[in-house]
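Read through the structure below, which is laid out as structure tokens, and then see the notes.
The values are calculated or read from the model by the stated rules, or taken from the named source; none is laboratory data. Since the structure is predicted, the reported quantities are computational estimates derived from the model, not experimental observations. Backbone-built Cβ (ideal geometry, glycine too); neighbour counts: all protein chains shown. Calculation scope for accessible area: heavy atoms of the full protein, side chains included, ligands and nucleic acids excluded. Shrake-Rupley method; radii C 1.70, N 1.55, O 1.52, S 1.80 Å.
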Amino acid sequence: MSGNVADRLTVGQLSERELLAQIFPRLANSSSVLLGPGDDAAVVAAPDGRTVISMDTQVQDQDFRLHWNNGYASTGFDVGWKAAAQNLSDINAMGAVATGMVVSLTMPPQTELEWMRDLTEGLSRAITELGADRCAVVGGDLSSGRELVVTVSVIGDLEGRAPVLRSGAEAGDRLAICGALGRAGAGWALLESENSISSLNADQLALLDSFRCPRPPLLAGPAAARAGATSMLDVSDGLIRDAGRLALASEVQIDLDPGVLRELARPLEPAARLLGRNAVDWVLGGGEDHGLLSTFGPRSALPPGFTVIGSVRSKADNDTNPAGVQAPVTVAGQRSDVVGWDHFAD
Ligand SMILES: [Mg+2]
């Protein structure tokens with residue numbers, strides 16, 4: 001942050017019109033936007049004739065923290081990037097391409113103007129750097145409140161394809177992941193630890209970045225849809241929990257390959273040793289990487305970037321399982337104790 005006096009202004013010292021004047025120039029445009037911010041509503045092209053739509057809210061100290069045990073303070077950039085990335089990821093997980101984003105931002109009046117500008121920058125940079133070329137922020141709302149709340153809604157285009165649902169997996173399919181798994185979970189554990197930023201090496205800082213600014217593979221959703229993915233969702237709450245959602249929706253059982261899980265966990269081992277944790281637990285239970293979990297029929301070729309991590313079985317197979325395992329997701333036939341993140345769990 002610079003020492004410029006203007007940068008120490010708080011949002012409570014500016015009018016809404018002045019705040020918007022700080023935001024608009026930081027937003028990129030895109031080919032989908034027929035009418036951008038500034039009117040009562042925006043107009044976005046919907047060439048497919050259908051609109052995919054998703055929304056997500058982040059509440060300070062509930063969904064994100066500004067201050068961490070290890071001394072790190074989340075920047076506006078972090079919060080903006082993440083809000084954009086996780087919403088873009090939901091559109092991706094339907095096999096669609098994002099075309100427009102609206103943002104509702106509630107801020108305490110003492111929020112520094114610089115923090116808000118950073119947040120706008122994070123939103124904008126996530127859209128550009130993650131490759132959401134057809135998407136732009138087309139509008140939103142500013143409000144004052146006791147805590148920071150960022151609500152983002154994204155619309156998307158199916159480009160003529162059928163949406164890929166959670167409910168389409170069938171016995172005999174392969175389960176595959178594209179993108180990171182467990183890295184954000186490891187980064188979160190580092191932020192929660194007593195290990196200060198200055199004590200971390202480059203690999204550990206990269207894990208922190210995976211949590212701060214996740215990189216969902218936005219080209220993979222449409223690619224998987226084109227390749228005939230039978231079901232899909234993004235891993236936001238951990239592999240076990242999200243694979244479980246897919247298994248329940250599809251009325252199948254999913255069995256994960258422990259050898260592949262160990263392989264995926266290998267790069268996380270040094271951080272796990274530092275914290276006295278199990279790296280495989282991060283792969284199974286760590287959320288917020290927003291990798292793409294898809295199932296493919298036995299004859300479908302997997303698109304680039306996907307790794308097979310398990311298989312889909314019929315629930316009837318489960319009845320003959322000698323262990324009597326009833327969990328929707330197992331690891332080599334055994335129930336896993338790792339459950340992932342639940343917003344309403346104790
Ligand atoms: Mg999702």
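Quick notes on this one:
- Of Met107, Met101, all but one fail to be out of contact with any His (no Cβ under 9 Å at 6 or more places or on another chain), within 16 Å of the ligand (Cβ to nearest atom) and assigned by TED's automatic domain parsing to the domain that holds Ala41; the exception is Met101.
- Filter pass, Ala186 being in contact (Cβ under 8 Å) with a residue 60 or more places away in the chain, within 16 Å of the ligand (Cβ to nearest atom) and not aromatic (Phe, Trp, Tyr): no
- In the stretch 235-279, of all residues being surrounded by fewer than 21 Cβ atoms within 10 Å (Cβ to Cβ) and in a loop (DSSP other than H, G, I, E, B), the one that is nearest to the ligand (Cβ to nearest atom) corresponds to Asp237.
- Test: residue in the stretch 196-209 that is among the β-branched types (Val, Ile, Thr) and open to solvent by 20 Å² or more (accessible area, probe 1.4 Å): yes
- In the stretch 94-109, the qualifying residues are those that are among the hydrophobic types (A, V, I, L, M, F, W, C) and open to solvent by less than 30 Å² (accessible area, probe 1.4 Å), and the one that is farthest from Leu9 (Cα to Cα) is Ala96.
- Matching residues, the stretch 15-34, being of a type outside the set (Ser, Thr, Tyr) and touching a residue at least 40 places away in the same chain (Cβ under 8 Å): Glu16, Leu19, Leu20, Gln22, Ile23, Arg26, Leu27, Ala28, Asn29, Val33
- Matching residues in the stretch 232-248 - criterion: being in contact with an Asp or Glu (Cβ under 8 Å, 6 or more places away or on another chain) and either more than 14 Å from Gly310 (Cβ to Cβ) or of a type outside the set (Asp, Glu) (or both): Leu233, Asp234, Val235, Ser236, Asp237, Arg241
- Residue within the stretch 167-175 that is within 15 Å of the ligand (Cβ to nearest atom) and either among the hydrophobic types (A, V, I, L, M, F, W, C) or crowded, with 24+ Cβ neighbours inside 10 Å (or both) present: no
- Considering the stretch 210-234, the residues that are closer than 14 Å to Leu181 by Cα and in contact with a Ser or Thr (Cβ under 7 Å, 6 or more places away or on another chain) include one that is farthest from the ligand (Cβ to nearest atom), namely Pro216.
- Checking Arg215, Arg226, Arg262 one by one, the residue that is of a type in the set (D, E, K, R) and within 18 Å of Phe64 (Cβ to Cβ) is Arg215 and no other.
- Against the conditions (1) over 29 Å from Glu269 (Cβ atoms); (2) in the same structural domain as His290 (by TED's automatic domain parsing); (3) of a type in the set (A, V, I, L, M, F, W, C); (4) within 19 Å of the chain's Cα centre (by Cα), Leu207 satisfies every one except (1).
- Within the stretch 257-279, residues that are more than 20 Å from Ala206 (Cβ to Cβ) reach no partner that is acidic (Asp, Glu) with beta carbons closer than 8 Å at six or more positions or on different chains.
- Selection count, the stretch 42-93, where residues are within 16 Å of the ligand (Cβ to nearest atom) and crowded, with 19+ Cβ neighbours inside 10 Å: 14
- Residue list for the stretch 280-295, restricted to those being surrounded by fewer than 24 Cβ atoms within 10 Å (Cβ to Cβ) and more than 16 Å from the ligand (Cβ to nearest atom): Val280, Asp281, Gly285
- Filtered residues of the stretch 110-163 (kept if of a type outside the set (A, V, I, L, M, F, W, C), more than 29 Å from Leu219 (Cα to Cα) and open to solvent by less than 60 Å² (accessible area, probe 1.4 Å)): Thr111, Glu114, Ser143, Gly145
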